[in-house]
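The values are calculated or read from the model by the stated rules, or taken from the named source; none is laboratory data. Here the structure is a predicted model, which is why all the values come from computation and not from measurement. Heads up, the Cβs are rebuilt from the backbone with ideal geometry, glycines too, and the neighbour counts pull from every protein chain shown.
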Amino acid sequence: MLAQPVALNQDQHKDLKVVQKFSNEILNERHIAPLMLQEFTAAAPHFPIFFLKAPEAEVYSPVAVLGLKDGQNLFMKDGEWEGQYLPAGIRAYPFTLAQASEEQLVLCINEQADNVSTTEGQALFNADGKPTEFLEGVNSFFKDYIDANGISRNIMSQLAEMGLFRADGLQYRDLAGNERRLNGFYVIDREKFEKLTDEQFLAVRKFGVLPAIYAHFMSLDRIGTLIARLPVEAKA
C-alpha cells in the first residue's frame, strides 16, 4: 500500500528531488482512475467511463475503469503500464492535491514514491528556499487542473439536476460465459438524454459537454477490451 501524501513544505522538503519518469506504482492494484469531462474524448477509445456518486449528495465523479474487480488493473503487466492514455490526475504523481479546508486545496507529495529522491532529479526548492522552475511548472499544472475540474463538477451538477444519471453496475459476460457485475457505478441515461426537450438539449450544448457525453456512450463498448485483457486463469 502506498504511503499517504503529505503537504509540501519548504523546510521539510528542501532536499527532495523528483526524477522525471512516470511512476507505475500509483497504478498498481488500481481498478479506477479519476477523470474530468475534458478528458473523455481522449480516454473513451481505451477505457469504459462510468460515474461514482457521493454517499450523501447528488455529486457525481467520472472515472476510467481499469479492472473488473477491486484491486485489479488489467493494463498493468509485469509491473509496466500498457495503456495508451493516462488520466491527468495520475500523470502528476508523486504530487496530488488535498482539501485543507472547504475552500482551500494544498499541494502534497508522496515522500516515499519511487520517483522521489534526495540525490537525483529535479529539485523542488532553490538554495534560497524559493520554488524552482520545475516546481512552478507543477503548481501551474495543478492550477489549470483545479480550474478544469471545477468546470467539470459544475457541469456534472447541471446534468444531475436534469436527472440524467442512473445507477448501472458494470455488467459483462466473461470469456467462460459467466455473468458478472461490478456494482456502485452510474451512467448517463441514454434514453432520458435522447428525450430531452429542445430547450434542455440546447442548454446541454451550451455547457460544451456534448462531445463528452457521446464519448461516454461510446466508451461503454470498451468493457470488451477489459475482458480481453483478463489473465488466462480468469478466462478459463
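Would you confirm whether any residue within segment 81-97 is under 15 Å from Asp15 (Cα atoms) and modelled with pLDDT under 95? No; the residues of segment 81-97 include none that is under 15 Å from Asp15 (Cα atoms) and modelled with pLDDT under 95.
Going through (1) within 30 Å of Leu74 (Cα to Cα); (2) outside any strand (DSSP E or B); (3) among the basic types (Lys, Arg) one by one, Arg180 falls short only on (2).
Residues that are exposed (fewer than 12 other Cβ atoms within 10 Å of the Cβ), among the acidic types (Asp, Glu) and closer than 30 Å to Gly163 by Cα do not occur anywhere in segment 2-17. Annotation: of all residues in segment 119-170 being over 19 Å from the mean Cα position of the chain (by Cα) and among the basic types (Lys, Arg), the one that is nearest to Asp15 (Cα to Cα) is Lys130.
Please verify whether Ala57 is surrounded by fewer than 16 Cβ atoms within 10 Å (Cβ to Cβ), under 29 Å from Asp189 (Cβ atoms) and at pLDDT below 90, treating the condition exactly as stated. Lay out the reasoning, then the answer.
Values: surrounded by fewer than 16 Cβ atoms within 10 Å (Cβ to Cβ): yes; under 29 Å from Asp189 (Cβ atoms): yes; at pLDDT below 90: yes.
Answer is yes for this residue.
The one condition from (1) at pLDDT 90 or above; (2) more than 30 Å from Gln4 (Cα to Cα); (3) surrounded by 13 or more Cβ atoms within 10 Å (Cβ to Cβ); (4) not basic (Lys, Arg) that Ala167 does not meet is (3). Mind checking which residues of segment 95-143 are assigned to a loop (DSSP other than H, G, I, E, B), closer than 15 Å to Pro5 by Cβ and not aliphatic (A, V, I, L, M)? The answer is Asn110, Glu111, Gln112, Asp114, Asn115. Figure legend. Inter-residue proximity from segment 146-175: first residues closer than 19 Å to Ala64 by Cα and in a loop (DSSP other than H, G, I, E, B), second residues at pLDDT below 90 and polar (S, T, N, Q), beta-carbon distance below 7 Å, spacing 6+ or different chains. Indicated pairs: Gly169/Asn183.
Just one of the numbered conditions (1) in contact with a helix residue (DSSP H, G or I) (Cβ under 7 Å, 6 or more places away or on another chain); (2) without any contact (Cβ under 8 Å) to a residue 12 or more places away in the chain is not true of Asn178: (1). For Leu35, the criteria (1) more than 15 Å from the chain's Cα centre (by Cα); (2) touching a residue at least 12 places away in the same chain (Cβ under 8 Å) hold in every case but one, which is (1).
Pairs only if they're at least six apart or on different chains, beta carbon under 7 angstrom, first in segment 83-95 and within 14 Å of Phe47 (Cα to Cα), second at pLDDT 90 or above and not in a helix (DSSP H, G or I); list them, first residue then second. Partner pairs satisfying both residue conditions: Gly83/His46; Gly83/Phe75; Gln84/His46; Tyr85/His46; Pro87/Ala33; Pro87/Pro34; Pro87/Leu35; Pro87/Ala64.
May I ask you to list the residues in segment 141-177 that are aliphatic (A, V, I, L, M) and under 20 Å from Ala88 (Cβ atoms)? Break it down stepwise before answering.
Within segment 141-177, the subset aliphatic (A, V, I, L, M) is 146, 148, 151, 155-156, 159-160, 162, 164, 167, 170, 175-176.
Matches in segment 141-177: Ile146, Ala148, Ile151, Ile155, Met156.
Condition check for Ile26 on (1) of a type outside the set (Gly, Ala, Ser); (2) modelled with pLDDT of 90 or more; (3) buried (at least 20 other Cβ atoms within 10 Å of the Cβ): one failure, at (2).
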